[in-house]
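Have a look at the structure below, then the notes.
Every number in this text was worked out from the coordinates using simple rules, so none of it is lab data. Please read all numbers here as calculations on a predicted model, not as lab measurements. Positions of Cβ are generated from backbone atoms using ideal geometry, with glycine treated the same way; all protein chains shown enter the neighbour counts.
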Amino acid sequence: MMTAAPDPPVAAADTVSPDHAQIIRLLDDAPMRLPHVLAWALASGGTLITGLAVFMLGISMPLLVRDLALSPVQTGLVAAALFAGGVPGGVLGGWLADRIGRKPVFLLDMGLLALAAMVSALTWDAWLLIAAQCVVGIGAGMDFPASGSYVAECMPHRKRSRMLVATIACQALGLLLAALLAMALLHLAPSIEAWRWFLGMQALIAVLFLLARINMAESPRWLMGQGRNREAVHMLARFVPVDRQQLEAMASRLGDAVHFVARVPHTKKSLGYAELFHPAYLRSTLLCTLPWFLMDIAAYGVGLFTALLLTDLHFEGPHLPLVQQVAALARGTGLIDLFWLLGFVLGLWAVARFGRIRMQVTGFAGMVAGMLVLWVSTLLAGGAGQHIALVFAGFVVFNLFMNMGPNSTTFILPTELYPTQLRATGSGFAAAISKIGATAGVLTLPLIESAWGVPAVLALMALVSLLGLSSTWAFGIYGQGLTLEQHQTRILPLHRHAATTSDFS
């Protein structure tokens, strides 16, 4: 376990203007109202479309291979392009969201998504499809740091963790929505070119979110962090029913004063990637990146294995025509994906109750157990096909624990451990590193399966999950129950035994 470093410097409380502190209190203590719910729903559009895009691309692959005559290399690149695009997307989206604002990134990424998805649906060229899917990944990757930062900054303090879990849970909603749409489209247009409708639906939904986001409020915290205090109080009034004259008076007193609460000196308006590796934030960066990287290897590895196993079990009906096979595969995969959503539902309660680090460790442990159950099913007499109940149990355990644990907490941690001027940058960097893991899993796991078989893939995923548990334990920082600003002004316990009761409230 990493030894405790010297306590990092903390911001002095008296450097924060009383008016800034009052605006923060109004944001944090506000009752949950309809404007909060609408803002959350619009901010969660990117994670919903990400889930939909992953499912639609996966279910399109058998049709794409036949219709566009994809080579094995092209097939692998199409599958990996969506995840690979998330790497530059996360880096770019986080950097932009901290400099030009959360809302401009929301509009930009939906525009990119809509355009790239439409190109994907209309193209006849395999290489253009690969490029377009990479741009879809860039758009989705840009949305992750913007959405996490926005929800963390705008939701009431007592609801923050649940609303952040609900944001990433929209991935599961996207998977289920995609399954329903795919089955409906295959019923209405049972053609080998149905993949065009699958990808076109992404464009349509992105356009709807783009239009709906035009009237979104910008994050008041981000505006204060840029010294745009008059705009900040106007946005605050859209969330909290407060006397307008009082808000205008606060804005006049503040002028263009910057609200800055961080563990590094206030030397410039915006912080950069170098600060992620400053001694004050290095441990936070390791905690936010390593477990998320490892989780995405396992998550997308199991996603790959899901389709493979369903094929091995002949779930899709090997004697059916190709389009009907795809429809059956959509039903089976959608059924298993229900447990993604159930895991997130449990996470809404468990993460707030037991804390981020506890649930991340517990979730990784459950993922190890689920992988071992699946691994055992492949070694028993007759193989996995003769032990469907065991296979089903393995999937259920893996998906439940992953989504109530690290798939929720890895999204939350960067939004809490970095200050406002660095929040989206840190979240984007962590998301980008995670997509490197996803891309590596998609590209290499088929090769491992081809060389050593499915049991080797499952054993490797169990090991990766165990490493995720170990890295969380080694770099864990406990600050459950604190406001975003208190994360920057208090010395946080580094080990579980040092955490107080309030850290887990």
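Worth pointing out:
- Surface/4 of the Cα convex hull for the chain, nm²: 22.7
- Across all directions, the shadow cast by the convex hull of region 69-112 built on its C-alpha atoms averages 3.6 square nanometres.
- Overall, the chain carries a charge dipole of about 840 debye about its Cα centre when +1 sits on the Cβ of Lys and Arg and -1 on the Cβ of Asp and Glu, all other atoms neutral.
- Loop-located chymotrypsin sites (Phe, Trp or Tyr not before Pro) across region 111-182 with a Cβ neighbour count of 16 or fewer within 10 Å are W124, with loop assigned by DSSP.
- Folded to 0 to 90 degrees: helix 229-239 orientation relative to the chain principal axis, Cα: 60
- Residue-span extension gain [Y273 to L122] - 0.36 nm each, minus C-alpha spacing: 50.6 nm
- Taking F354, F106, F209 and counting other C-beta atoms within 10 Å, the order from fewest to most: F354, F209, F106
- The sum of -39500 (n - 2.57) across all DSSP H runs of n ≥ 4, divided by the residue count of the chain, sets its helix-only mean residue ellipticity at 222 nm to -25500 deg cm²/dmol.
- Alpha-carbon Debye profile of region 346-437, log10 I(q)/I(0) at 0.14, 0.24 Å⁻¹: -0.61, -1.08
- Tail weight of P(r) past 19 Å, computed on alpha-carbon pairs of region 390-472, percent: 51
- Between W124, G90, A184, the Cα set farthest toward the positive side of the dipole of the chain (charges on each charged residue's Cβ, about the Cα centre) is that of G90.
- Using only side-chain charges placed at the Cβ, +1 for Lys and Arg and -1 for Asp and Glu, the dipole size of region 101-195 relative to its Cα centre rounds to 660 debye.
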